[in-house]
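Here is the structure we will look at.
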Amino acid sequence: MARETEVSRRAFLAGVAGFAAAGAAADPPRIVKRVEKRYKVAGATQPNDLQFVSDGLWVLDQVDPNKAFKVRPEDGSVMRELQTESIHGSGITYGNGALWIASTKMRDPAAAPRTLKVDPASGRTLKSWVTPGSGLYGRVTTPSGAHGLKWVDDKYWMAVPASGKLFLMEPESGEIVRSIPAPGVRTHGLAWDRGFLWCVESDGRTIFKLDPRNGAPVASIQLSKDDPEPHGLDVHDGTLWYCDAASGWICRLV
């Protein structure tokens, strides 16, 4: 009888824990942040993603001529302009001595979007791979590839809205390590923050903090309709930064 009681107690507690976890995933706690508009980058018409590096900040433009700009984080002054071979670039990160760029579209509309390994000195594409999960979603009428990219521990995370997933990728082979569910339809920028993965959901103007083991949302930040819309994302010295391709603003959350 005692053993049956203990088993029942454990089952009850497990059920409560499962219910609590499901509730947390559906409605994670809100973190209140204020949007601080910092600057617009000269030449970056529609900045679509961000990547901090030790000596600056990379800003990826999504329109022709599809350039990446290395700027000073303090004031946005341009240190370098890099011509890339991406089309409608929507994700940029840095690792293994290279830039990794998501080419969301292709010159041939019927071609599958690709992810590029790029020489950070010349902008030349060193390798490229078909982006997994590319396709149509929402109001998009031509195949769309990856959006935000973020380098973490010798691999990179990649948001692919059409797939409804975030993929962890082996960079040099383009193979999928594993995936987690995306926290919305139009997922965009990613940031790695002390073991957690932040992910922008642009349509809802929400930035989710995710458990990278299973994709469960553990917190969120809600922006208002009056704030610049979040697209690219990164974290610098513990502070989240984002860019808005529509208005051109580079912002941080304080």
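Note on V218: accessible area approximately 60 square angstrom, rounded to 10, probe 1.4 Å, nucleic acids and ligands left out.
Protein heavy-atom surface of the chain, 1.4 angstrom probe: 52% of the accessible area is carbon and sulfur, with nucleic acids and ligands not counted. Among the listed pairs K67/K225; K40/K67; K117/K155; K150/K225; K127/K155, give every one whose C-alpha distance is greater than 20 Å. Too far apart for the 20 Å limit: K67/K225; K150/K225. Please give, to one decimal in nm, the separation of the simple spin-label points placed at D108 and T239, each 7 Å out from Cα toward the Cβ. So the two model labels end up 4.6 nm from each other. FRET efficiency for the R80 to Y39 pair, using the beta carbon distance and R₀ = 22 Å, is estimated at 0.85. Each label point was placed 7 Å from the Cα along the Cα-to-Cβ direction; for S54 and D193 their separation is 2.5 nm. In the assembled protein chains, K40 presents an accessible area of approximately 110 Å² (probe radius 1.4 Å).
Which value, in debye to the nearest 20, gives the size of the charge dipole of the chain about its Cα centre, when Lys and Arg are +1 and Asp and Glu are -1 at the Cβ? Rounded to the nearest 20 debye, it is 300 debye. Between 0 and 90 degrees, the angle of helix 2-26 with respect to the longest Cα principal axis of the chain falls at about 30 degrees.
A crude spin-label estimate for the pair L136 and V32, with each label 7 Å from Cα along the Cβ direction, gives 4.4 nm.
What is the sum of charges, Lys and Arg at +1 and Asp and Glu at -1, for the other residues whose Cβ falls under 15 Å from the Cβ of I92? Combined, the nearby Lys, Arg, Asp and Glu give 0. Within the chain, the longest run free of exposed loop sites, counting GluC sites (Glu not before Pro) that sit outside DSSP helix and strand states (H, G, I, E, B) and have at most 15 other Cβ atoms within 10 Å, spans 75-171. For a test of the definition: using alpha carbon positions, the gyration tensor, and the 1.5 limit on a/c, classify the range 95-179 as rounded, prolate or oblate. Since a/c reaches 1.5 but b/c is at least a/b, the shape of the range 95-179 is classed as oblate.
Relative contact order for the chain: 18 percent, from Cα pairs under 8 Å spaced at least 6 residues apart, divided by residue count. Residues in the chain average 46 Å² of solvent-accessible surface per residue, probe 1.4 Å, ligands and nucleic acids excluded.
The values are calculated or read from the model by the stated rules, or taken from the named source; none is laboratory data. Keep in mind that what you see is a predicted model, and the values were worked out from it rather than measured. Here Cβ is always computed from backbone atoms with ideal geometry, including for glycine, and neighbour counts include all displayed protein chains. The area values use the complete protein model at the heavy-atom level, side chains included, leaving out ligands, DNA and RNA. Shrake-Rupley method; radii C 1.70, N 1.55, O 1.52, S 1.80 Å.
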